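Engineer: I am attaching a structure below and will ask some questions about it afterwards.
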Amino acid sequence: MKTNKDIKYGDVEVDLKNIDDSEVKIRITTMLDKDVLLTLKENAKALGTRYQSYLNQHLRETLLNEQGLLTRIDKLEKAVLKKQA
């Protein structure tokens, strides 16, 4: 993978040291089973997002143990309902 610490976009210089790794996107090529891809696309469509973004979020939640937005909302709802009871 090629990297360049001082990338120039027009007149703007970008210093990659100041960019969080979670903000850097890297293009890859991979093979998925057809049924997995179709399910991935269906789930993303149901959430109103692109399947690549949905896949990235799902991998982030699974591999990096980060909570997704829906999980956080569920926990907040349960906490609020518990307080009201």
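Engineer: Give the number of residues within region 49-65 that are at pLDDT 85 or above, polar (S, T, N, Q) and either in a loop (DSSP other than H, G, I, E, B) or closer than 17 Å to Asp21 by Cα (or both).
Structural biologist: 4
Engineer: Of a type in the set (A, V, I, L, M), at pLDDT 95 or above and over 21 Å from Glu66 (Cα atoms), is that true of Met31?
Structural biologist: yes
Engineer: Further question: Examine region 66-80 for a residue that is at pLDDT 85 or above, touching a Lys or Arg at 6+ places or on another chain (Cβ under 7 Å) and at negative phi, and state whether such a residue exists.
Structural biologist: Within region 66-80 (the criterion being at pLDDT 85 or above, touching a Lys or Arg at 6+ places or on another chain (Cβ under 7 Å) and at negative phi), the answer is no, since none of the residues qualifies.
Engineer: Here is a follow-up. Is region 77-85 home to any residue that is closer than 28 Å to Asp21 by Cα and of a type in the set (Lys, Arg)?
Structural biologist: No; the residues of region 77-85 include none that is closer than 28 Å to Asp21 by Cα and of a type in the set (Lys, Arg).
The values are calculated or read from the model by the stated rules, or taken from the named source; none is laboratory data. Bear in mind the structure is a predicted one, so any value in this text is a computation, not a measurement. A quick note on method: Cβ atoms are made from the backbone with ideal geometry, for glycine too, and the neighbour counts reach across all protein chains shown.
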